[in-house]
1. Among the residues that make up the stretch B:294-302, is at least one of them of a type outside the set (S, T, N, Q), assigned to a helix (DSSP H, G or I), within 19 Å of residue B:114 (Cα to Cα) and modelled with pLDDT of 95 or more?
2. Any chance you could count how many residues in the stretch B:168-209 are in contact with a Pro (Cβ under 9 Å, 6 or more places away or on another chain) and crowded, with 21+ Cβ neighbours inside 10 Å?
3. Here is a list of conditions, (1) crowded, with 17+ Cβ neighbours inside 10 Å; (2) more than 29 Å from residue B:157 (Cα to Cα), and residue A:218 meets all of them except one; can you say which number that is?
4. I need the full set of residues from the stretch A:163-175 which are under 15 Å from the mean Cα position of the chain (by Cα) and either more than 7 Å from chain B (Cβ to nearest Cβ) or free of Cβ contacts under 8 Å to residues at least 24 places away in the same chain (or both), in order please.
5. Does residue B:131 satisfy being in contact with a helix residue (DSSP H, G or I) (Cβ under 7 Å, 6 or more places away or on another chain), among the acidic types (Asp, Glu) and at pLDDT 95 or above?
6. Could you grab me the full set of residues in the stretch A:132-162 that are of a type in the set (S, T, N, Q) and more than 7 Å from chain B (Cβ to nearest Cβ)?
7. If you check B:290, B:282, which single one turns out to be within 14 Å of another protein chain (Cβ to nearest Cβ), surrounded by fewer than 22 Cβ atoms within 10 Å (Cβ to Cβ) and modelled with pLDDT of 95 or more?
8. Of all residues in the stretch B:256-293, count the ones that are within 22 Å of the chain's Cα centre (by Cα) and either of a type in the set (A, V, I, L, M, F, W, C) or outside any loop (DSSP other than H, G, I, E, B) (or both).
Protein chains: 2
Amino acid sequence: MTIGIDLGGTNIAAGLVDETGNILCAIKRATDTHRGRDAIVADMCDMCMELVDEAQKRGLPRPGAVGVGVPCLVDKDMALVHKAANLGTGWDKVPLKRLMEDVTGLKVWIDNDGNLAGLAEHTVGALKGVDNGLLLTLGTGIGGGFILNGKLFRGTYGLAPEVGHMVIGKNFYDCNCGKNGCFETFASATGLIRYAEKQVREGMHPTSSLHRAADMGQLNAHTIFEAAKVADPLGVEAVDRLTTYLAVGIVNLINLIDPEVIALGGGVAHAGDFLLDQVKRKVSDNLFAKGFPTARFELARTGNDAGIIGAAMLGRMMKEAMTA
Amino acid sequence: MTIGIDLGGTNIAAGLVDETGNILCAIKRATDTHRGRDAIVADMCDMCMELVDEAQKRGLPRPGAVGVGVPCLVDKDMALVHKAANLGTGWDKVPLKRLMEDVTGLKVWIDNDGNLAGLAEHTVGALKGVDNGLLLTLGTGIGGGFILNGKLFRGTYGLAPEVGHMVIGKNFYDCNCGKNGCFETFASATGLIRYAEKQVREGMHPTSSLHRAADMGQLNAHTIFEAAKVADPLGVEAVDRLTTYLAVGIVNLINLIDPEVIALGGGVAHAGDFLLDQVKRKVSDNLFAKGFPTARFELARTGNDAGIIGAAMLGRMMKEAMTA
């Protein structure tokens, strides 16, 4: 039994997870980032103790470890949290592992949420049984988790993969990271919305239903994809641009890593086969190694549970490595 | 004792290599691609037999296996050669392993020359002892070899890494592969020369010594770097452009793979510290994970021997895996 915690900008979700990746019990609190770091850390510790009690009540084994997924960089020892822009202030070089271990008395390990979503997909989702597989989470930004040689790949210093910041071209706006042309500025929900907003602002496709959606403050990834599905010209153009650049980024990853499976998750992937069909065609047209077998595409399967499951799998894996 | 063969567009180089990566004896023949595939394969077999005889004459152990490096795609079984544009005609889906085994009676394995240069650096060069390291060969194109988790990484189907075809921007000419914006069109010797040629053609920097070099047919990577070193304006501009895009590609690789060492080889790397200093500065300015430890840079050390050494290490590694 392991506790998995998914610390997001909006909610903290935590759960008891068994060894096969089933969530047996889940709880949730609002992150309320304005409260500051200490209150958030205290809440996570509190939720751990609540889940320890819950395990006891249900006659389940006492949780042996805690995994925590965070939306930011984590050092190679899975101890230090860094650059957590979405969590408010006070998150620079925070020894989150030690802070939580001191309070809970449980062993705690931290990792980036993209990595943990990859681990969740490798345990129970679209990357199960896959030796080399990539998860791309297409949301506000683009996160990723790489499974290489059958294991989660974290790089030398724990910083891989920051796939959203791979530069693939020139864009009309700069990335939050300060560079121009990052993958996530083209192919995330944010990239899609920013482009549609620009086209609306410039009066393009005046018959498009998205002008009205923009007036009502409803220009989002869902409305843009729905517009594209009914051949609305601005919707079609915006989605076409997203899938073109998504394919550029994916072909780069195929050229570099040659994975067996690429799984797509996050809000943009809710568009399902409508997205996949375009991406598959554009990737296929641009492969370098034509005539060879190549990666197959899947939709991610763990959805909102990815964070809890992946975090618990990390805790379990590290605990086992320690006792081995 | 293993035989390593480096099949290039100009020469076939072969050598007897001991278990620590020392070349004990090397021989060379012109490739003469116009002769066609069969003559080239026959030459490689002939060179194997010559090296077997040479080992006997010198009282060395009989070579146990042959590795062959080729400038093209190789399948996952290290048997089939594909898309060898630089070797003339007749190189589509060639079962080179079987063809050479039938004639020589020796076990033969094939791999891409970028991978094998990476393996050579990992055995005796700049990536020795490194768990995650990348070799980039900056020559006519950009080749690469990735060492991940202490081993040569070939991907799922043997096609990784085609690092030269990572799209990083928009360029003024298309890549041979049919796409626009490939890393190698910016940061290879070819990319450097094409840009300088364009600037000469357009009459830019009329005082530059490179106009005269172009008239004399001497506009090459060496003359452009030498011009930059003495502050020739066109030389400076062309090298600045190369190092800017080289840094973009390298930062992408750091974001994705977070390697411990990046080794630079090939003709462009002959510029040595003059190149490295610019690249290090531009990479450092564009890192996503500032304040964390990051990859260090090295010049590749195996030079022209990389092909023979890497090929021999492949043969040795596969032979050991077979008998294990």
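1. no
2. Final tally of qualifying residues: 1.
3. The single condition residue A:218 does not satisfy is (1).
4. Residues satisfying the conditions are A:164, A:165.
5. So residue B:131 fails the test.
6. Within the stretch A:132-162, A:137, A:140 meet the criteria.
7. After ruling out the rest, the residue left standing is B:282.
8. So the count comes out to 21.
The values are calculated or read from the model by the stated rules, or taken from the named source; none is laboratory data. Keep in mind it's a predicted model, so treat the numbers as computed, not measured. In this analysis, Cβ positions are derived from the backbone assuming ideal geometry, glycine residues included, and neighbour counts consider all displayed protein chains.
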